[in-house]
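The values are calculated or read from the model by the stated rules, or taken from the named source; none is laboratory data. No experiment lies behind these values; they were computed from the predicted model shown. FYI the Cβ positions are ideal-geometry reconstructions off the backbone, even for glycines, and counts take in every protein chain you see.
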Amino acid sequence: MFFTQTNWRPIAEGIFIPLGSLVLALVLFGVFVTILGNNPLMVYEAMHQTAFGNWRTFQGTLLRAAPLMLTALCTALPARMGLMIIGNEGALVIGGLGAVITGLLLSYGNLTPSLTATPAELSPLLIQLSMALAGILFGGAWIGIVGALKHYRGVNETISSLLMNYIAIALLNHLVEGPLKDPRSLNKPSSFAIPEPFMVGNIGDTRIHYGLIYGIIACLVAYILIQRTTFGFAARVAGGNMKAALVSGLPVGKLTLVICFLAGSCAGLAGMVEVAAVQSQANSSLIAGYGYSGILVAFVARYNPIAAAMVAILLGGIINSGGTLQRNFNMPDATVLLFQGLVFLVVIYSESLYGRLSWFRQSQSQ
């Protein structure tokens, strides 16, 4: 009875169309690889081995997947309300800056400590939680500005969030090359480093830091928030029909501000993870493209937070294979960016297929 009554068309489309998009992107990427004079099957095998071949390489994949899970939520959450936010990179950068500022203030009481300064004797857990909170607040406020512009002034959220990326990057460059600069960072201007005892450590004996746990928890919480709470229901109603939501008396403005803040807070937490678990200081390495890649993760996952976690692992593996393609096949390290671009274009096109494929319509009628 359950199988006959269930409408499987949306479920089947949600599985097969994204998978088909990835397969088509692989085929197109194989054509590009062939043009460069390489065997695409060998390239695919090398990418697979580098990403998932053994436990050591899989750890590298998970390291790159952690920030992708968080930045994907910056696009996925507002999208459920009909808002297209692409300011992920800017929120990550601002979150990283907030984490560094908080870490330095609590560690030294100064943003530019002397070279002989001794860190304060505080609990590492307290410092780490404070940095995480700072990343959440800074990133949330940054995308919250986008929500406020949308609600109060009617500014298109896609354009404003894109421009906010450039502002965040300019602010980072200004601070690390000026007021926050460590005089010892000559070739790569950076802020002073967070003391080693206050850095976020690794899980057990692995190379995987606790940022992966943050990402998984954030995806689970986001799924529950959107699918199992009245707030999520209200956001989905507003995303389905904004006019109907207004007529029903839903506080659309409040929903917009809150969901934009939550979206930015996830990307800001990713910035904190990059600073407190990887870089230890703010510099141009924060602009690593995780924010832009998070947009792709959200699109492929169809804005589903649980699916975003799995897609982030897949894309993390692709990113992890860049060095192998460069060493073994004499291909540019940025080749993986081309593959990401192909996936993005194919996924965008596949959006037009939902509800239009005859096979799924026939399945529904049966």
**Q.** Residues (touching a strand residue (DSSP E or B) at 6+ places or on another chain (Cβ under 7 Å) and either more than 28 Å from THR75 (Cα to Cα) or not assigned by TED's automatic domain parsing to the domain that holds ALA76 (or both)) located in region 158-180
**A.** LEU180
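Residues in region 170-193: is at least one in a helix (DSSP H, G or I), touching a residue at least 12 places away in the same chain (Cβ under 8 Å), within 24 Å of the chain's Cα centre (by Cα) and surrounded by fewer than 18 Cβ atoms within 10 Å (Cβ to Cβ)? Spell out the reasoning first.
Applying the first criterion (in a helix (DSSP H, G or I)) to region 170-193 yields 170-177.
Filter once more, so that each one left must be touching a residue at least 12 places away in the same chain (Cβ under 8 Å): 171-173, 175-177.
The next check asks that each one be within 24 Å of the chain's Cα centre (by Cα); those that pass are 171-173, 175-176.
Then keep just the ones that are surrounded by fewer than 18 Cβ atoms within 10 Å (Cβ to Cβ); that gives 171, 173.
Yes, region 170-193 contains at least one residue that is in a helix (DSSP H, G or I), touching a residue at least 12 places away in the same chain (Cβ under 8 Å), within 24 Å of the chain's Cα centre (by Cα) and surrounded by fewer than 18 Cβ atoms within 10 Å (Cβ to Cβ).
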**Q.** Search result, residues across region 60-82 that are outside any helix (DSSP H, G or I) and buried (at least 24 other Cβ atoms within 10 Å of the Cβ)
**A.** MET81
**Q.** Single match in ILE94, ILE101 (criterion: of a type in the set (A, V, I, L, M, F, W, C) and buried (at least 22 other Cβ atoms within 10 Å of the Cβ))
**A.** ILE94
Q.
When you scan region 194-211, do you find a residue that is of a type outside the set (A, V, I, L, M) and closer than 22 Å to ILE287 by Cβ, even just one?
A. yes
Q) Which of the residues that make up region 21-49 are at pLDDT below 90 and touching a helix residue (DSSP H, G or I) at 6+ places or on another chain (Cβ under 7 Å)? A) SER21, LEU22
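Rundown of residues vs (1) more than 26 Å from ALA218 (Cα to Cα); (2) at pLDDT 95 or above; (3) assigned by TED's automatic domain parsing to the domain that holds ASN283, yes/no style:
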site: ALA99; (1), (2), (3): no, yes, yes
site: GLY103; (1), (2), (3): no, yes, yes
site: GLY109; (1), (2), (3): yes, no, yes
site: SER114; (1), (2), (3): yes, no, yes
site: ALA120; (1), (2), (3): yes, no, yes
site: LEU125; (1), (2), (3): no, no, yes
site: LEU129; (1), (2), (3): no, yes, yes
site: GLY135; (1), (2), (3): no, yes, yes
site: PHE138; (1), (2), (3): no, yes, yes
(Q) Please go through (1) touching a residue at least 24 places away in the same chain (Cβ under 8 Å); (2) under 16 Å from GLY98 (Cβ atoms); (3) loosely packed, with under 14 Cβ neighbours inside 10 Å for LEU129 and return the number of the only condition it doesn't satisfy. (A) (1)
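Of the residues LEU212, LEU225, which single one is surrounded by 18 or more Cβ atoms within 10 Å (Cβ to Cβ) and not aromatic (Phe, Trp, Tyr)? Quick ask: steps written out before the conclusion?
Numbers: LEU225 fails: surrounded by 18 or more Cβ atoms within 10 Å (Cβ to Cβ).
Exactly one residue qualifies, and that residue is LEU212.
May I ask you to verify whether VAL155 is in contact with a helix residue (DSSP H, G or I) (Cβ under 7 Å, 6 or more places away or on another chain), surrounded by fewer than 18 Cβ atoms within 10 Å (Cβ to Cβ) and modelled with pLDDT of 95 or more? Reasoning before the result, please.
Values: in contact with a helix residue (DSSP H, G or I) (Cβ under 7 Å, 6 or more places away or on another chain): yes; surrounded by fewer than 18 Cβ atoms within 10 Å (Cβ to Cβ): yes; modelled with pLDDT of 95 or more: yes.
Criteria met by VAL155.
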**Q.** Qualifying position, being in contact with a Leu (Cβ under 6 Å, 6 or more places away or on another chain), in a loop (DSSP other than H, G, I, E, B), under 30 Å from ASN187 (Cα atoms) and aliphatic (A, V, I, L, M), among ALA270, ALA282, ALA288
**A.** ALA282
